[in-house]
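Have a look at the structure below, then the notes.
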Amino acid sequence: MHLDYRHKRWIWGAGGAFLFSSGSYIGLHPSAQTTPDLPVLVWTFAASAIALGVLRRLVPKKSWSKSWPWLDRLTLFLTIASAGSALFGAGYYLGHRWSYPAGPSARSVPGIWFGIAGTACMIYAALLSLLRRVPSWWWIGPRQWWLRGHIWLGLLSAPLIGYHSTFRLGGLLEQVLWILLVIVLVTGVAGLLLQQFLPHMLTTRVVQEVPYEQIPHECALLRRKADTLIETLCGSHEPDQVVANKGHPKIDSETKARLRNIYESIVRPYLDWPGQTSSPLGDRARADTVFRTIHDWAGLAAATSDIEQLITYCKDRRRMADQERLHQWLHVWLLFHVPPAALLIVLGVVHGFVSMYY
């Protein structure tokens, strides 16, 4: 999931909700006795943005882009600033009207609404896992839309839950909920970062990417090609076929035996799937050392091109191993994200019922 301009609606929506809820939470405190002069700030930003927009319409486009290219960014900033300050101010004034002498609490009406909003965001984020099981339900909207909402509403749930609890740890159940929430957010952000950087690493390190599901088949194909190559050089390994195929005529029997021994003990197990993680061929430097030793054998001078082909097979297998490793990093974080998220939803519902009746 890459962060791009298609996320802007969710970013604006979640950011606006964050500013409104933050203003409401601040306004709920008894220390907010005097309201800030936000209308003046809002109207200043808005009037400046409108004035720049009108000026852009009056000035020719070429003159605008050449003489004042920075005014486009300033106009955008003023527009966002006016909208953001308006939302924050509206939330502040609404919270100020609901303020209590003792300050906000989880059991107050605003605290309950903060809790409902935060829980709704978490439930929306959790529905993504369930919607993957019903791809034929086209009427629920595209999966990308739900995935973007999963990211931004999931992040928005953290301040909303904080405003609900007034950032107090509470009892044992509440402390467990806080721990789970932190784990879910940290693993979610870590997974999002992995999805931003690992695909780039995959394209730079793996020149010819193989579909992940086809890697076992490709490994078996490499192994069969290598088996055929070794039979051509060293002869058939089966006793009843020794007479039919004795291998390369210019390679002596001792060199054939040494080459087959290295192939059976090191090369062939590495070409197989899932392969040996501790194999020296998995490391480029150690693999070069192994094949440099083979190249130095005097009896293999007539089979240099065949040995180079075997080296190419090992390089292809190492490339697929790198791809497997990156894919595992790309998906293993789900094991640390999904179970705590499910437990968070269940315990959150329990917390709601307990708070209502006790």
Confirm whether P110 is of a type outside the set (K, R), in the same structural domain as Y25 (by TED's automatic domain parsing), more than 26 Å from H337 (Cβ to Cβ) and part of a loop (DSSP other than H, G, I, E, B).
no
Cβ pairs under 7 Å, 6+ apart, first in region 219-240 and closer than 21 Å to E254 by Cβ, second among the hydroxyl-bearing types (S, T, Y) and at pLDDT 85 or above
I230/Y263
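Here is a yes/no grid of residues against (1) over 25 Å from L222 (Cα atoms); (2) out of contact with any Ser or Thr (no Cβ under 6 Å at 6 or more places or on another chain); (3) part of a helix (DSSP H, G or I); (4) at pLDDT 85 or above:
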site: R268; (1), (2), (3), (4): no, yes, yes, yes
site: P274; (1), (2), (3), (4): no, yes, no, no
site: E308; (1), (2), (3), (4): no, yes, yes, yes
site: P339; (1), (2), (3), (4): yes, yes, yes, yes
site: L343; (1), (2), (3), (4): yes, yes, yes, yes
site: V349; (1), (2), (3), (4): yes, yes, yes, yes
Of all the residues that make up region 277-322, how many are closer than 15 Å to T232 by Cβ and in contact with a Lys or Arg (Cβ under 7 Å, 6 or more places away or on another chain)?
2
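The values are calculated or read from the model by the stated rules, or taken from the named source; none is laboratory data. Predicted model, so just to flag it, every value in this text is computed and none were measured. Virtual Cβ from ideal backbone geometry, glycine too; neighbours counted across all protein chains shown.
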